[in-house]
1. May I ask you to verify whether B:Ala34 is surrounded by 24 or more Cβ atoms within 10 Å (Cβ to Cβ) and either among the acidic types (Asp, Glu) or within 7 Å of another protein chain (Cβ to nearest Cβ) (or both)?
2. Say we look at region A:154-184 and pick out the residues that are within 19 Å of the chain's Cα centre (by Cα) and in a loop (DSSP other than H, G, I, E, B); which of these is farthest from A:Val144 (Cα to Cα)?
3. Look at B:Ala48 and say whether it is more than 7 Å from chain A (Cβ to nearest Cβ), under 14 Å from B:Val117 (Cα atoms) and either in contact with a helix residue (DSSP H, G or I) (Cβ under 6 Å, 6 or more places away or on another chain) or modelled with pLDDT of 95 or more (or both).
4. Confirm whether B:Val124 is crowded, with 20+ Cβ neighbours inside 10 Å and within 14 Å of chain A (Cβ to nearest Cβ).
5. Find all pairs meeting these conditions: Cβ atoms under 9 angstrom apart; at least six residues apart or on different chains; first residue within region A:21-35 and assigned by TED's automatic domain parsing to the domain that holds A:Gly109; second residue charged (D, E, K, R) and assigned to a loop (DSSP other than H, G, I, E, B).
6. Would you call A:Met44 at pLDDT 95 or above and in contact with a helix residue (DSSP H, G or I) (Cβ under 6 Å, 6 or more places away or on another chain)?
7. Please count how many residues of region A:139-193 are β-branched (Val, Ile, Thr) and more than 12 Å from A:Gly100 (Cα to Cα).
8. Is at least one residue of region B:86-102 within 14 Å of chain A (Cβ to nearest Cβ) and free of Cβ contacts under 8 Å to residues at least 24 places away in the same chain?
Amino acid sequence: MEKRLFLKGNESLAMGAIKAGCRYYFGYPITPQNDIPEYFSRHMAQVEGCFIQAESEVASINMLLGAAAAGARAMTSSSSPGISLMQEGISYLAGSELPGVIVNVNRSGPGLGGISASQGDYFQATRGGGHGDYRTIVLAPHSVQEMHDLALLAFDLADKYRNPVVILADAVLGQMQETMVDRPYQPLPLPPKDWILTGACGRKPNLLKSLYLKEGEMEKHNWKLFAKYQRMKKEEVRYELALTEEAELVIAAYGTTARVSKTALRLARAAGMKVGLFRPLTLFPFPEEAMLRLSRGVKRFLAIEMNTGQMVEDVKLSVARDAEVFFYGHPPGSPPDPEELLEEIKKVY
Amino acid sequence: MQQVFKRPQSLKNVPFHFCPGCHHGLIHRLVGEAIDYFNLRERTIGVAGVGCSVFVYEYFDIDVAEAPHGRAPAVATGLKRVLPDRIIFTYQGDGDLASIGMSEIVHTANRGENITVIFVNNTVYGMTGGQMAPTTILGQQTTTSPYGRDFRQDGYPIRMAEMLATLEGTSFCVRVALNTPANLMKAKKAVRRAFEMQVNNMGFSFVELLSSCPTNWGMNSLKAHERVAKELIPYFPLGIFKERKATEEL
């Protein structure tokens, strides 16, 4: 029988990371993700790994850069203000084509904001976040189980593409406890890491950099990165559809709002309304084609987010021209409850 | 005929791009000689700072990672934790290390990371065109202190070697200059000692090198050497500020 555990989302994610072979964690305290560094500080010693409480998020992400350059699986985690501080380093990771996993347990903002769950960092996560023309893969769990499962996947995708991968969770997903299945890790086939820095012994020196000054080099590098992002769009799109066949209205939501929407969906169905759910698991690459296909049948969409409207823009960009997209925003404080969403469904159904 | 002086193996056979009279070339050579001396070329990884320092990968025949501005000690920490048996050094200028990277250098030293830091202090931001640095001497004119650095507006030049020597985690901390043959020989010894500390797992080693930047100082190389003696050394005294003798002291 499968082993079942009762865990917090933050812990299940950290457990998954160690299972995926992450042996280097660098982080700095910030609520609501402190369970993650605390978990690593307890468990890294047992797997001969390394935990460093860095002096800042700026240092954390650059330690990750160094560990990734040496070929190790490494991660950091933080929450919104800390993730802002890491953007410089994430941009360098992308520019130097280095793998790494960055977990954002999204709290509210702008500024110091609050510690409640939010989806206010969607734009930052899906549009690169730092300077320059780059993207990170963004995974959006909606349960304690997925905090674990997507952590396993994140390390593989980071290595597959030599690119940073962001897990975009939120305070609810990090803090709530649920049962989860302790699944084994089955790694994807991955390319050899022949680019890492180990000392130039018996080979030419390896160089990891993002500076391109010679005429034409920068443009070439940007096109190379672009081709990688196109490949992600082709191969890595992940989403869940629930009750979308013959639906009159489809809710588009990810993370905690998708979770609440699932309950709202049941209430709506019980009230005789044909409502379905479209839930992206990858926010970048966004499931544009799946959305387009869906919108050839369904003509009404309701995007629900814990912000004032971010993912809804990707929904609008993806759907067929004759589809209508509505938006319900519930800015952070507490997550919306299912009855509240049911009322919104009724308004646009 | 016997060749008695040659390019260190750790340096590529390419001409330096540095300005005439700049000390970066000399410092590259000293680092290359130290790497060769301990036969470390094939297990050394350099971390380049931002500024004129970034080009270490053009000249060293070793693996190199480029760090964001000021973050080289954090990048070096990540590398060293994964590869404790490799030799990791950072190469950073004064803007990089003493201004934007102050936090990373202090905490890396304080953790006693077993790495070597080569700190090139020429009292200006070189690559960006000679702006005021945290080490700019009082009264020194730069493009952002056109009337001379004034402590009432800009604070005082920071003495990094002395500051880092106060940290328990620091094992070797020295300031040298390159303006005379005698000083150059002392600098060579200091750089070698810093790498030796790391080879022997003695912890954090730091070498500050007072360096000239004739272009941004607006003078020729000889005047720049004189300036190092007359203006820099009196404020930034040369010497060893800390040196652990044995690992038992760690």
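The values are calculated or read from the model by the stated rules, or taken from the named source; none is laboratory data. Just so you know, these numbers come straight off a predicted model, no measurement behind them. As a convention, Cβ positions derive from the backbone with ideal geometry for all residues, glycine included, and neighbour counts pool all protein chains shown.
1. Values: surrounded by 24 or more Cβ atoms within 10 Å (Cβ to Cβ): yes; either among the acidic types (Asp, Glu) or within 7 Å of another protein chain (Cβ to nearest Cβ) (or both): no.
Here the answer is no, as B:Ala34 does not meet what is asked.
2. A:Arg162
3. Values: more than 7 Å from chain A (Cβ to nearest Cβ): yes; under 14 Å from B:Val117 (Cα atoms): yes; either in contact with a helix residue (DSSP H, G or I) (Cβ under 6 Å, 6 or more places away or on another chain) or modelled with pLDDT of 95 or more (or both): yes.
It is true that B:Ala48 is more than 7 Å from chain A (Cβ to nearest Cβ), under 14 Å from B:Val117 (Cα atoms) and either in contact with a helix residue (DSSP H, G or I) (Cβ under 6 Å, 6 or more places away or on another chain) or modelled with pLDDT of 95 or more (or both).
4. Working: crowded, with 20+ Cβ neighbours inside 10 Å: yes; within 14 Å of chain A (Cβ to nearest Cβ): no.
No.
5. A:Gly21/A:Arg73; A:Cys22/A:Arg73; A:Arg23/A:Glu48; A:Arg23/A:Arg73; A:Tyr24/A:Arg73; A:Tyr28/A:Glu55
6. Working: at pLDDT 95 or above: yes; in contact with a helix residue (DSSP H, G or I) (Cβ under 6 Å, 6 or more places away or on another chain): no.
No.
7. The first filter runs over region A:139-193 and keeps only residues β-branched (Val, Ile, Thr), leaving A:144, A:165-167, A:172, A:179, A:181.
Checking the rest, the ones that are also more than 12 Å from A:Gly100 (Cα to Cα) come to A:144, A:172, A:179, A:181.
Number of matching residues: 4.
8. Scanning region B:86-102, I find no residue that is within 14 Å of chain A (Cβ to nearest Cβ) and free of Cβ contacts under 8 Å to residues at least 24 places away in the same chain, so the answer is no.
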